[in-house]
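Engineer: Take this structure first; my questions come after.
No lab work stands behind these numbers, since they all come straight from the coordinates. Keep in mind that what you see is a predicted model, and the values were worked out from it rather than measured. Glycine gets a Cβ as well: all are built from the backbone with ideal geometry, and neighbour counts include every protein chain shown.
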Amino acid sequence: MSNINKQQLREAAQQCSAQEPLRIVEYHGKMCLRNSGGIVFTVLRDSSFPEYSSENENYARLAELSTPDTMLALLDELEAAEKRIAELERGSKVIKCWSCQKSVTVDQVTAEDGFCPSCNCGIDLEDYETAELVAAGIITKVGE
Ligand SMILES: [Zn+2]
């Protein structure tokens with residue numbers, strides 16, 4: 001999933017979104033993908049090579065179903081799911097209370113309005129995130 005260039009796919013779908021989606025038609029014995037503007041692609045089918053013809057027809061059916069609106073909807077769903085996963089991962093992250101040293105999740109601290117559910121001391125979640133960035137080598141010290 002990570003090697004999909006979502007931005008490139010989104011831009012390509014947006015460039016085609018004003019056009020009518022392609023549909024498969026038979027035209028003079030040829031399989032074609034067309035819209036109201038005319039034939040966009042002709043699917044090569046050679047009776048001498050039925051396996052290649054079959055592959056080309058499969059691609060044509062995939063292209064017919066891969067409309068710009070479908071691509072954009074899938075990208076939107078994917079990005080919403082990735083965002084939700086990130087939120088859930090952040091919320092279930094376990095941190096150690098600076099005061100009582102007990103393990104608590106970010107969600108537990110958030111539910112207690114920023115206080116430790118065990119000892120009721122204030123916990124600044126941004127301090128923990130900054131410490132994590134320093135530990136990961138993303139920043140070298142607070143404020144950078
Ligand atoms: Zn505590």
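Engineer: DSSP loop trypsin sites (Lys or Arg not before Pro) in the range 13-66 with at most 16 other Cβ atoms within 10 Å of their Cβ, which ones?
Structural biologist: Working: sites: R23, K30, R34, R45, R61; in loops: R45.
Sparse-neighbourhood loop trypsin sites (Lys or Arg not before Pro): R45.
Engineer: Please give the length that would be gained between R61 and E11 if that part of the chain were fully extended, namely 0.36 nm times their separation in residues minus their C-alpha to C-alpha distance (nm, one decimal). If you can, show how the numbers build up before the last one.
Structural biologist: On the way: separation 50, 0.36 × 50 = 18.00 nm, distance 2.20 nm.
Taking 0.36 nm per residue and subtracting the Cα distance, the gain is 15.8 nm.
Engineer: Another question, if that's okay. Mind checking the alpha-carbon convex hull of the range 92-144 and giving the volume per residue in Å³? Display every interim value, and only then the final one.
Structural biologist: Values: hull volume 4.0 nm³, N = 53.
Taking the convex hull of the Cα positions in the range 92-144, it is 76 Å³ per residue.
Engineer: I would also like to ask the following. Rounded to the nearest whole Å³, what is the per residue volume of the convex hull around the Cα atoms of the chain? Please list the in-between numbers first.
Structural biologist: Numbers: hull volume 26.2 nm³, N = 144.
Per residue, the Cα convex hull of the chain comes to 182 Å³.
Engineer: Still on this structure: Rounded to the nearest 500, what is the 222 nm mean residue ellipticity of the chain from helices alone, with -39500 (n - 2.57) per DSSP H run of 4+ residues and division by all residues?
Structural biologist: Numbers: 5 runs with 68 residues, N = 144.
About -15000 deg cm²/dmol.
Engineer: What residues qualify as long-range amide H neighbours of K93, i.e. H under 5 Å apart, gap of 5 or more or another chain, H built at 1.01 Å from N?
Structural biologist: Those lying under 5 Å, H to H, from K93 are V106, D107.
Engineer: By the scheme Lys and Arg +1, Asp and Glu -1, what is the net charge of all other residues having a beta-carbon under 12 Å from that of S36?
Structural biologist: Details: positive: R23, R34; negative: E20.
It works out to a net charge of +1.
Engineer: Still on this structure: Given a Förster radius of 41 Å and the C-beta distance between I85 and K30 as r, what FRET efficiency does 1/(1 + (r/R0)^6) yield to the nearest 0.05?
Structural biologist: According to the calculation, E is roughly 0.35.
Engineer: Moving to a separate point now. Please compute the net charge surrounding R90, taking Lys and Arg as +1 and Asp and Glu as -1 over other residues with Cβ under 10 Å from its Cβ. Display every interim value, and only then the final one.
Structural biologist: Working: positive: K93; negative: E87, E89, D107, E129.
Cβ neighbours under 10 Å give a net charge of -3.
Engineer: Under a Cβ-Cβ cut-off of 13 Å, what is the net charge of the residues other than D76 that fall near it, where Lys and Arg count +1 and Asp and Glu count -1? Walk me through the numbers before you get to the answer.
Structural biologist: On the way: positive: K6, R10, K83, R84; negative: D69, E77, E79, E82.
Taking every other residue near D76 into account, the sum is 0.
Engineer: Could you give the dipole magnitude of the chain about its Cα centre, charging the beta-carbon of Lys and Arg +1 and that of Asp and Glu -1, in debye to the nearest 20?
Structural biologist: Numbers: 14 positive and 24 negative charges, 63 e Å.
Here the size comes out at about 300 debye.
Engineer: Here is a further query. Residue farthest toward the positive end of the dipole of the chain, with Cβ of Lys/Arg at +1 and Asp/Glu at -1: which of V43, I138, I24?
Structural biologist: Working it through, the farthest residue towards the positive pole turns out to be V43.
Engineer: What distance in nm separates the simple spin-label points at A18 and E129, each placed 7 Å from Cα in the Cβ direction?
Structural biologist: Rounded to a tenth, the inter-label distance reads 3.9 nm.
Engineer: Give me the extension gain from D113 to Y52: residue separation times 0.36 nm, minus the current Cα-Cα distance, reported in nm with one decimal. Walk me through the numbers before you get to the answer.
Structural biologist: On the way: separation 61, 0.36 × 61 = 21.96 nm, distance 6.26 nm.
Contour length minus Cα-Cα distance gives 15.7 nm.
Engineer: Give me the Kirkwood hydrodynamic radius of the range 1-66, using the inverse of the mean 1/r over all pairs of distinct Cα atoms, in Å to one decimal.
Structural biologist: Result for the range 1-66, one decimal place: 13.4 Å.
Engineer: Using only Cα atoms, find the angle between the long axis of helix 6-16 and the longest principal axis of the chain, and express it within 0 to 90 degrees, rounded to the nearest 10.
Structural biologist: For 6-16 against the chain, the angle is about 40 degrees.
Engineer: Still on this model: For M31, list long-range residues whose amide hydrogen, built 1.01 Å from N in the peptide plane, is under 5 Å from its own amide hydrogen.
Structural biologist: The list, which skips near neighbours in sequence, is V43.
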